[in-house]
Amino acid sequence: GNSVTQMEGPVTLSEEAFLTINCTYTATGYPSLFWYVQYPGEGLQLLLKATKADDKGSNKGFEATYRKETTSFHLEKGSVQVSDSAVYFCALTQGGQNFVFGPGTRLSVLP
Amino acid sequence: NAGVTQTPKFQVLKTGQSMTLQCAQDMNHNSMYWYRQDPGMGLRLIYYSASEGTTDKGEVPNGYNVSRLNKREFSLRLESAAPSQTSVYFCASSEPRDGHGYTFGSGTRLTVV
């Protein structure tokens, strides 16, 4: 079945550092890929998405590129802020239903 | 512009008690979902409803029942709560055809003592 693997956290960075959170997936066919963010005490919010190979999703300075050859969708940001501290989930879906989520990566950004 | 609304936000139950978690969405989405989130386990699908009138089991359905009351509402019932059901529960909805992904509620933190 489909699955998503994320790098283990927690990830701790200083403000303005470069961020990469790795995500790889296993799926048949051509899934759509998503990153969700969960701030403390809140539900998950859609951060960005990509629906086909080589698409780049971007939002709030975060980017991720759908790489079919490496089955990856790594999340990057050039300069993190304290307000980016949250848990980040990589996810996939085929057909728009029944998303499969990775375990989440907790990011802490220190001032 | 409420999105997905869950009630209650917090609940403490004694072992063996029953309760229903409520979820409503105002986006006219066809699909609705219940997940539980536990430390180190990520999100696990309990039940889902692809469309009004249908429900299906997810990864961890034991000990739960659901009702898709109408297109807007999808409730989750614990008939006899157990400490293993202590968790944070999230409801989500989606419209698969629009490709926009899930919209999540803010969660219900349930403790069973």
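The values are calculated or read from the model by the stated rules, or taken from the named source; none is laboratory data. The model shown is predicted, which means the values in this text are computed figures rather than measured ones. A quick note on method: Cβ atoms are made from the backbone with ideal geometry, for glycine too, and the neighbour counts reach across all protein chains shown.
Per the conditions (1) on the phi < 0 side of the Ramachandran plot; (2) modelled with pLDDT under 95, the sole criterion not satisfied by A:G29 is (1). Examine the stretch A:87-104 for a residue that is more than 10 Å from chain B (Cβ to nearest Cβ) and exposed (fewer than 15 other Cβ atoms within 10 Å of the Cβ), and state whether such a residue exists. Checked the stretch A:87-104: no residue is more than 10 Å from chain B (Cβ to nearest Cβ) and exposed (fewer than 15 other Cβ atoms within 10 Å of the Cβ).
If I ask for residues that are without any contact (Cβ under 8 Å) to a residue 40 or more places away in the chain and over 10 Å from the mean Cα position of the chain (by Cα), which ones from the stretch A:31-56 would you list? Once the filter is applied, which keeps residues that are without any contact (Cβ under 8 Å) to a residue 40 or more places away in the chain and over 10 Å from the mean Cα position of the chain (by Cα), the stretch A:31-56 yields A:G41, A:E42, A:G43, A:Q45, A:A50, A:T51, A:K52, A:A53, A:D54, A:D55, A:K56.
Of the listed requirements (1) part of a strand (DSSP E or B); (2) out of contact with any Ser or Thr (no Cβ under 6 Å at 6 or more places or on another chain); (3) within 24 Å of A:F89 (Cβ to Cβ); (4) more than 12 Å from every other protein chain (Cβ to nearest Cβ), B:M27 misses just one: (1). Take the conditions (1) at pLDDT below 95; (2) in contact with a strand residue (DSSP E or B) (Cβ under 6 Å, 6 or more places away or on another chain); (3) not acidic (D, E); B:N30 misses just one of them, which is (2).
When you look at B:V66, is it of a type outside the set (D, E) and assigned to a strand (DSSP E or B), yes or no? Considered against the rule, which asks whether it is of a type outside the set (D, E) and assigned to a strand (DSSP E or B), B:V66 comes out as yes.
B:S106 meets each of the listed conditions (1) within 23 Å of A:R106 (Cα to Cα); (2) touching a residue at least 60 places away in the same chain (Cβ under 8 Å); (3) assigned to a strand (DSSP E or B) apart from (3). If you go through the stretch A:2-20 one residue at a time, do you hit one that is within 11 Å of chain B (Cβ to nearest Cβ), in contact with a Ser or Thr (Cβ under 7 Å, 6 or more places away or on another chain), of a type in the set (A, V, I, L, M) and closer than 25 Å to B:R44 by Cα? For the stretch A:2-20, residues within 11 Å of chain B (Cβ to nearest Cβ), in contact with a Ser or Thr (Cβ under 7 Å, 6 or more places away or on another chain), of a type in the set (A, V, I, L, M) and closer than 25 Å to B:R44 by Cα: absent. Among the residues of the stretch B:51-67, those identified as in contact with a strand residue (DSSP E or B) (Cβ under 7 Å, 6 or more places away or on another chain) and away from chain A (no Cβ under 14 Å) are B:E52, B:G53, B:G63, B:Y64, B:N65, B:V66, B:S67.
Among the candidates B:Y48, B:Y89, B:Y33, the residue that is in contact with a Cys (Cβ under 8 Å, 6 or more places away or on another chain) and within 14 Å of chain A (Cβ to nearest Cβ) is uniquely B:Y33.
The strands (runs of 3 or more DSSP E) located wholly in the stretch A:1-109 that include 3 or more residues which are touching a Leu at 6+ places or on another chain (Cβ under 9 Å) and not β-branched (V, I, T) occupy A:32-38, A:44-50, A:56-59, A:62-65, A:75-77, A:86-94, A:97-101.
Report whether or not A:S72 is more than 22 Å from B:F104 (Cβ to Cβ) and either touching a Phe, Trp or Tyr at 6+ places or on another chain (Cβ under 8 Å) or within 11 Å of chain B (Cβ to nearest Cβ) (or both).
Here the answer is yes, as A:S72 does meet what is asked.
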